[in-house]
Amino acid sequence: MADLPLTMVLRKIPAFGLLNDRELLALAGSLRRRQLELGAQLFEQGDPGGTMHLVTRGELSVRWQEGVSDQELEVARVGPGEFVGEMALLDLGPRSASVVARRESVLYELAVEDLMLLEETAPAAASAILAAVTALLTDRIRQVNGQIEALLGGHASVDAPPPGATDSGLFGRLWSRLSNN
């Protein structure tokens with residue numbers, strides 16, 4: 001996947017497959033290439049967010065550490081065509097996990113500021129990114145809800161988010177825009 005021009009790589013990702021050439025070029029121009037060697041850390045749990053990464057070659061390990069424990073658990077593996085760090089585009093809070101290269105990897109980084117610029121210059125590309133992130137997060141929430149329900153014997157109860165929970169990040173700005181219409 002990584003040996004192809006970036007626009008061709010992006011076109012192979014379902015979320016971007018319907019973008020036209022101009023939109024793909026705008027998206028590709030917003031991405032910054034990163035290369036990680038085996039064992040290199042992309043970011044650490046608790047670090048400030050602000051960027052999402054698209055893996056085009058290699059494999060990353062997503063690791064979570066509970067509190068002050070020294071034990072890290074691998075909670076996911078991310079490979080070509082997948083995103084990592086996507087929550088940072090919606091919420092500027094600290095990183096919820098650490099990410100380390102399991103293999104030599106090539107990724108493309110998208111910063112929140114670049115996504116906001118894409119909203120103005122190539123809105124379809126920005127919408128495709130947000131749709132892909134939303135679908136990914138929705139899928140993860142459904143999986144976690146299923147796990148919670150299984151743990152509670154089919155009687156899960158989930159509280160509403162606390163007031164102001166969507167006030168930060170791009171999602172909060174978009175939600176404010178939509179709710180004011």
Among the numbered criteria (1) under 25 Å from residue 118 (Cβ atoms); (2) surrounded by 15 or more Cβ atoms within 10 Å (Cβ to Cβ); (3) within 16 Å of the chain's Cα centre (by Cα), which single criterion is violated by residue 32?
-> (2)
With respect to residue 18, determine if the residue is among the aliphatic types (A, V, I, L, M), in a strand (DSSP E or B) and loosely packed, with under 14 Cβ neighbours inside 10 Å.
-> no
Please enumerate the residues belonging to segment 15-47 that are farther than 30 Å from residue 67 by Cβ, of a type outside the set (A, V, I, L, M, F, W, C) and either in contact with an Asp or Glu (Cβ under 8 Å, 6 or more places away or on another chain) or touching a residue at least 40 places away in the same chain (Cβ under 8 Å) (or both).
-> 20, 22, 23, 30, 32, 33, 35
Return yes when residue 141 is surrounded by 10 or more Cβ atoms within 10 Å (Cβ to Cβ), touching a helix residue (DSSP H, G or I) at 6+ places or on another chain (Cβ under 7 Å) and modelled with pLDDT of 85 or more and no when it is not.
-> no
Return the pairs, sorted by first residue and then second, in which the second residue is of a type in the set (Phe, Trp, Tyr) and assigned to a helix (DSSP H, G or I), the first residue lies in segment 110-127 and is closer than 16 Å to residue 87 by Cβ and modelled with pLDDT under 95, the beta carbons are less than 7 Å apart, and the residues are 6+ apart or on different chains.
-> none
With respect to residue 86, is the statement that it is within 17 Å of residue 16 (Cβ to Cβ), buried (at least 19 other Cβ atoms within 10 Å of the Cβ), charged (D, E, K, R) and touching a helix residue (DSSP H, G or I) at 6+ places or on another chain (Cβ under 6 Å) true?
-> yes
Complete set of residues in segment 1-10 that are buried (at least 16 other Cβ atoms within 10 Å of the Cβ) and not aliphatic (A, V, I, L, M) | 7
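The values are calculated or read from the model by the stated rules, or taken from the named source; none is laboratory data. Computed from a prediction, not measured in an experiment: that's the story for all the values here. Methodologically, a virtual Cβ is constructed for each residue, glycine included, from the backbone with ideal geometry; neighbour enumeration extends over all protein chains shown.
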